[in-house]
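Student: One structure is given below, represented as structure tokens, and several questions about it will come after.
The values are calculated or read from the model by the stated rules, or taken from the named source; none is laboratory data. Everything numeric here is computed off the predicted structure, so don't read it as measured data. When we count neighbours, we look across all protein chains shown, and the Cβ atoms used for this are built from the backbone with ideal geometry, even at glycine. Note: areas computed on protein heavy atoms with side chains; ligands, DNA, RNA excluded. Shrake-Rupley method; radii C 1.70, N 1.55, O 1.52, S 1.80 Å.
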Amino acid sequence: MRILFVTWAWPSHLYAMVPVAWACRAAGHDVLVASQPELTGTILGTGLPAAPVGGDVDAAAVFREIALPPPATERRPAPGGPRVLGLLTTLAEAMTDDLVELGRNWRADLIVFEPTAFAGPLAAAALGVPAVRHLYGTDLLSAAGRFLPDALGPLCEKLGIAAVDPFGAATLDPCPPGLQVPVGSRRLPVRYVPYNGPGLLPAPPPATPPGRPLVCVTWGTTLSRLDPGLFLAGQAARAIGGLDVDVLLAVTPAQRGLLGPLPAGTRVAESAPLHLLAPGCDLVVAHGGAGTLLTALAHGLPQVLVPRLPDHVRHSARLGEAGAGVVLPAEEAAPEAIRDAVAGVLASPGHRDAAERLRREMHGQPAPAGVVPELELIAAGGTPS
């Protein structure tokens, strides 16, 4: 079987699919990852083969406009939702023609796409092969289903297809049931196996007094890419530096210079995948990105989240509703608010209990290898169980 994995050029969306892609490859299937040229090096870094399609689009500019409100004297742009949907259709338009040609020449049997890469189901419909969605977090687009036919109509017409199902024949879902919202197509649960990019195992931490909590602070990679002022990891570390905790900052080399002065004893880990750091931690303070959130939950860790982008806000809200942490709106995340939230979560066993419950739900879902037969069935024209 030939399986074409599709994402646009955003690393975290790719990373969510890597364990399933490798499971398919380990089962003996041909796997190819298609994305815009900008992501080629990142794909190759996963050890999977890459195929550049279409042209690059400045998606960061749109997210920057959403995350950074304009001055009061400037005209306000459209709300975030319409702008994001417009961006996603632009990305699909940039990729679809080349993706159809690639799928035809490579003789793809199945397309697996992340939920915002509409080029995936469009190309599958044009090629007459099944498509399966692979979520990277909660199903943010399930409530937008009524808007998608109109948004994708011009691309369907261009491709000569009557319509496209943007939710695919099924949805691979790494979220635990206690975190997920209703999904847009038949749900195929899959265990979340953290893939946070390549990196080195950090040196063992120095010995600390027994019972002293270790708090990991990380702000992902998106916000520092949009604007250095949105990268709050250093501020968060300083906010909790006076508590009776040890602080571990997880950053990229490019982010190190954005941290500013840090409290004495703060450890900084560069280029260490979060899943290698999480086992020794007691709490994660972060921005609410899906990869960070799910990786922390995979280790049963409660969280204090300060989301800013729309998807971060929605993922964080579900975590808060599940009881596994505290969410601080970005405009209310003063240092004392972060400090009090961290102290409160560490003092409340209920947050850790909720995170542990979600961890057990995650580990109760089939491993990536366990969903490969379902993908084989779909590719053969069958109905998933």
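Student: Semi-axes of the equivalent ellipsoid for the range 225-380, please: Cα gyration tensor eigenvalues, times 5, square-rooted, ordered largest first, whole Å. Can you show the working numbers first?
Tutor: Working: eigenvalues 167, 67, 49 Å².
In descending order the semi-axes read 29, 18, 16 Å.
Student: Then there is this: Just how large is the dipole of the range 276-371 about the Cα centre, in debye to the nearest 20, putting +1 at every Lys and Arg Cβ and -1 at every Asp and Glu Cβ? Spell out each step's value before the answer.
Tutor: Details: 8 positive and 10 negative charges, 57 e Å.
About 280 debye.
Student: To continue, here is another question. Rounded to the nearest 10 degrees, what's the angle between the helix 80-106 long axis and the longest principal axis of the chain, both from Cα atoms, 0 to 90?
Tutor: 50
Student: For the chain, what is the mean residue ellipticity at 222 nm derived from helices alone (per DSSP H run of n ≥ 4: -39500 (n - 2.57); sum divided by total residues; nearest 500 deg cm²/dmol)? All intermediate terms of the calculation are to be shown ahead of the outcome.
Tutor: Details: 15 runs with 161 residues, N = 385.
Estimated from H runs of four or more residues: -12500 deg cm²/dmol.
Student: With no other cysteine's Cβ closer than 4.7 Å, which Cys residues of the chain count as lacking a disulfide-compatible partner?
Tutor: Lone cysteines by the Cβ rule: 24, 156, 175.
Student: Moving on. Given +1 on the Cβ of Lys and Arg, -1 on the Cβ of Asp and Glu, and no further charges, what dipole in debye does the chain carry about its Cα centre, rounded to the nearest 20?
Tutor: Working: 27 positive and 33 negative charges, 91 e Å.
Magnitude of the dipole: close to 440 debye.
Student: For the full complex of protein chains and a 1.4 angstrom probe, list 30, 353 by accessible area with the highest value first.
Tutor: Numbers: 30 70, 353 95 Å².
The ordering from most to least exposed comes out as 353, 30.
Student: In debye to the nearest 20, how big a dipole does the range 90-231 give about its Cα centre with +1 on each Lys and Arg Cβ and -1 on each Asp and Glu Cβ? Write out the running numbers ahead of the final one.
Tutor: Numbers: 10 positive and 12 negative charges, 114 e Å.
Using only the charged Cβ atoms, the result is roughly 540 debye.
Student: Next up: Roughly how many Å² is the accessible area per residue of the range 138-294, as a whole number, for a 1.4 Å probe?
Tutor: Values: 6650 Å² over 157 residues.
Result: 42 Å² of accessible area for each residue.
Student: Then there's this: How charged is the neighbourhood of residue 137? Take every other residue with its Cβ under 11 Å from the Cβ of residue 137, and add Lys/Arg as +1 and Asp/Glu as -1. It would help to have the intermediate numbers written out before the result.
Tutor: On the way: positive: 314, 318; negative: 114, 139, 173, 311.
After counting each charged neighbour, the total is -2.
Student: Probe 1.4 Å, all protein chains in place: accessible area of residue 156 in Å², nearest 10?
Tutor: Near enough 10 Å² of accessible area.
Student: Residue separation times 0.36 nm, minus the C-alpha to C-alpha distance between residue 44 and residue 214: what's the value? Don't skip to the end; give the middle numbers.
Tutor: On the way: separation 170, 0.36 × 170 = 61.20 nm, distance 3.37 nm.
The span from residue 44 to residue 214 would gain 57.8 nm if fully extended.
Student: Considering only DSSP beta bridges with both partners in the range 192-337, what is the antiparallel share in %, to the nearest 5?
Tutor: About 0 percent, rounded to the nearest 5.
Student: With r defined as the distance between the Cβ atoms of residue 161 and residue 200 and R0 fixed at 56 Å, what FRET efficiency is calculated, to the nearest 0.05? Could you put the intermediate results ahead of the total?
Tutor: Working: r = 46 Å, r/R0 = 0.83.
Computed FRET efficiency for residue 161 and residue 200 comes out at 0.75.
Student: Still on this structure, please answer the following. Express the relative contact order of the chain as a whole percentage, based on alpha carbon pairs under 8 Å and six or more residues apart in sequence. Let's see the in-between values first.
Tutor: Details: 734 pairs, mean separation 60.1, N = 385.
That works out to 16 percent.
Student: Also, I was wondering about something else. How large is ³J(HN,Hα) for each residue in the range 296-313, as worked out from phi by the Karplus curve 6.51 cos²θ - 1.76 cosθ + 1.60 (θ = phi - 60°), to whole Hz, x for Gly and Pro?
Tutor: Listing the rounded values in order: 4, 5, 4, 10, x, 9, x, 9, 10, 10, 10, x, 10, 6, x, 5, 5, 4 Hz.
Student: Using the Karplus equation 6.51 cos²θ - 1.76 cosθ + 1.60 (θ = phi - 60°), what ³J(HN,Hα) coupling, rounded to whole Hz, does each residue of the range 36-43 give in order, writing x for Gly and Pro?
Tutor: Each residue's phi maps through the Karplus curve to give 5, x, 4, 9, 4, x, 5, 4 Hz.
Student: Give me the 1.4 Å probe accessible area per residue for the range 1-132, excluding ligands and nucleic acids, in Å².
Tutor: 38
Student: Percent of accessible area on the chain owned by carbon and sulfur, 1.4 Å probe?
Tutor: Values: 8670 of 15560 Å².
Carbon with sulfur: 56 percent of the solvent-accessible area.
Student: Projected onto the charge dipole of the chain (+1 at Lys/Arg Cβ, -1 at Asp/Glu Cβ, origin at the Cα centre), which of 198, 132, 312 gives the Cα projection farthest towards the positive end?
Tutor: Of the options given, the answer is 198.
Student: When a/c reaches 1.5 or more, the comparison of a/b and b/c decides; with that in mind, is the chain rounded, prolate or oblate per its Cα gyration tensor? List each step's numbers first, then the result.
Tutor: On the way: a/c = 1.89, a/b = 1.53, b/c = 1.24.
The shape class here is prolate.
Student: Could you sort 168-175, 207-214 so that the peptide with the highest average Cβ count within 10 Å comes first and the rest follow in order?
Tutor: Numbers: 168-175: 24.4, 207-214: 10.1.
Most protected by this proxy first, the peptides run 168-175, 207-214.
Student: Moving on. Name all residues of the range 185-211 having a backbone nitrogen under 19 Å from the label point set 7 Å from the Cα of residue 262 along its Cα→Cβ direction, giving them as ranges.
Tutor: Correct set: 199-209.
Student: Angle between the Cα long axis of helix 148-159 and the longest principal axis of the chain, 0 to 90 degrees, nearest 10?
Tutor: The angle comes out near 40 degrees.
Student: Additional query: Provide the FRET efficiency to the nearest 0.05 for the residue 334-residue 101 pair, computing r from the beta carbons and using R0 = 35 Å.
Tutor: Details: r = 52 Å, r/R0 = 1.50.
Calculated value: 0.10.
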